[in-house]
Amino acid sequence: MPKIPSYHLFPTAETASKTLAAEIGELVSSRAAAGQSAVLGLATGSTPIPLYEELVCLHRKGLSFANVTTFNLDEYLGLERKHKESYWHFMHTHLFDHINIPPGNIYIPDGTIADENLQGHCLDFENAIVRAGGIDLQVLGIGRNGHIGFNEPGASPEVRTHVTSLNKVTIADAAESFDGPQNVPARAITMGVGTILDARRVVLLAFGGSKAGIVNRALTPGITSEVPATYLQLHDNVSFFVDTDAGAAIEASSPPE
Ligand code: GLP
């Protein structure tokens, strides 16, 4: 039975990010106390930056990430790790360089893999998630066109980690950071919708007025491949954490939690 994700309205991106960081901190420390690991699915883009700042703060206050394994949603194809727009670079700059996660526990799709090895690489990525015990908590952002990871409009719900072509809205949104649309990679590796739906819990962050329309659509009953975020209605443990601007157009009949 499809289920509309619950949503939580926060006054600012910072308060939403602190709430999610606290949830992640609890998960990580309770697992550590039980001698277990915690597996996080992570996102890039401007949206999760305050979350990563807060996780770094929690680490400075004593939270250890020694028992954490992470899987990033996606990576541009054709970018070296050190390219300033690679997600590898983003994740190290904003999070991994500042916490004590063992480097061997960090999984980010490799954007430098040759075409003939891509299929094997995607399979290895899926297998690594299974070996780690599955993702406990997946953090998501949302594209203005409703994409999650790089699952663009038209994506099917069963698909696993794969190579995809970027949609024109996605390319337009990335154009500024790449100094022009012609420099935005045409393809990416992304976890599939099926991979995301296998996470035990999903929290989607959305901040700012430019996300208001798509947040409302994702929270409106009706699953369509044209808005991949609506596939989250197939999962029974999804929360949207939105700030006032991103939540401004929500018409859902259920009140915020
Ligand atoms: C990229 C990423 C997505 C992210 C989206 C939104 O396309 N692949 O995972 O959710 O951008 O980015 P922003 O948070 O900057 O709005």
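The values are calculated or read from the model by the stated rules, or taken from the named source; none is laboratory data. All figures in this text were calculated on a predicted structure; none of them were measured in a lab. Don't worry about glycine lacking a Cβ; one is built from the backbone with ideal geometry, like all the others, and counts go over all protein chains shown. Side chains included, ligands, DNA and RNA excluded: accessible areas come from the protein's heavy atoms. Shrake-Rupley method; radii C 1.70, N 1.55, O 1.52, S 1.80 Å.
For each pair in LYS18/LYS211; LYS82/LYS168; LYS18/LYS61, compute the distance between the two Cα atoms and list the pairs where it is over 22 Å. Could the numbers behind the result be given before it?
Details: LYS18/LYS211 20 Å; LYS82/LYS168 25 Å; LYS18/LYS61 14 Å.
As for pairs spanning more than 22 Å Cα to Cα, those are LYS82/LYS168.
Between the DSSP loop rule and a limit of at most 12 other Cβ atoms within 10 Å, which GluC sites (Glu not before Pro) in the range 26-118 are left? Display every interim value, and only then the final one.
Numbers: sites: GLU26, GLU53, GLU54, GLU75, GLU80, GLU85, GLU116; in loops: GLU80, GLU85.
Those satisfying the criteria are GLU80.
If you count the DSSP beta bridges with both ends in the range 6-243, what percent of them are antiparallel, to the nearest 5?
Values: 8 of 31 bridges.
Of those bridges, close to 25 percent are antiparallel.
Rounded to a whole number, what % of the accessible area of the chain do carbon and sulfur atoms account for, probe 1.4 Å?
Values: 5860 of 11130 Å².
Within the chain, the accessible surface is 53 percent carbon and sulfur.
Using the heavy atoms of the protein chains and a 1.4 angstrom probe, tell me the accessible area per residue for the range 190-257 in square angstrom. List each step's numbers first, then the result.
Numbers: 2480 Å² over 68 residues.
Accessible surface, normalised per residue, equals 36 Å².
Would you please give the FRET efficiency between ASP110 and ARG60, computed as 1/(1 + (r/R0)^6) with r the Cβ-Cβ distance and R0 = 41 Å, to the nearest 0.05? Before the final figure, lay out each step's value.
Working: r = 30 Å, r/R0 = 0.73.
In this case the efficiency is close to 0.85.
If you take the square roots of the eigenvalues of the alpha-carbon gyration tensor of the range 23-139 and sort them as a ≥ b ≥ c, do you get rounded (a/c under 1.5), prolate (a/b over b/c) or oblate? Mind showing how you got there, number by number?
Values: a/c = 2.35, a/b = 1.39, b/c = 1.69.
Oblate shape, in that a/c is at least 1.5 and b/c is the bigger or equal ratio.
Given axes a ≥ b ≥ c from the Cα gyration tensor, I'd like to know whether the chain is rounded (a/c under 1.5), prolate (a/b larger than b/c) or oblate. Kindly include the intermediate steps, with their values, before the conclusion.
Working: a/c = 1.33, a/b = 1.03, b/c = 1.29.
Note, shape of the chain comes out rounded.
Using the heavy atoms of the protein chains alone and a 1.4 angstrom probe, what is the accessible area of the range 91-187 per residue in square angstrom? Let's see the in-between values first.
Working: 4540 Å² over 97 residues.
Solvent-accessible surface per residue comes out at 47 Å².
Please list the helices of the chain that count as membrane-span-like by this rule: a mean Kyte-Doolittle hydropathy of at least -0.5 together with Cα atoms stretching 15 Å or more along the helix axis, each helix being a complete DSSP H run. Write down the numbers at each step before the final one.
On the way: long enough: 13-33 (30 Å, 0.19); 49-60 (17 Å, 0.42); 118-131 (19 Å, 0.09).
Span-like helices in the chain: 13-33, 49-60, 118-131.
Please work out the FRET efficiency for the pair GLU85 and GLN182, using the Cβ-Cβ distance as r and a Förster radius of 22 Å; give the result to the nearest 0.05. Could you put the intermediate results ahead of the total?
Numbers: r = 14 Å, r/R0 = 0.62.
Result of the calculation: an efficiency of 0.95.
What ranking, highest mean first, results for peptides 241-250, 175-184, 141-150 when packing means the other Cβ atoms within 10 Å averaged over each residue? The partial results should precede the final answer.
On the way: 241-250: 20.8, 175-184: 12.3, 141-150: 23.5.
Listed from highest to lowest mean packing, they are 141-150, 241-250, 175-184.
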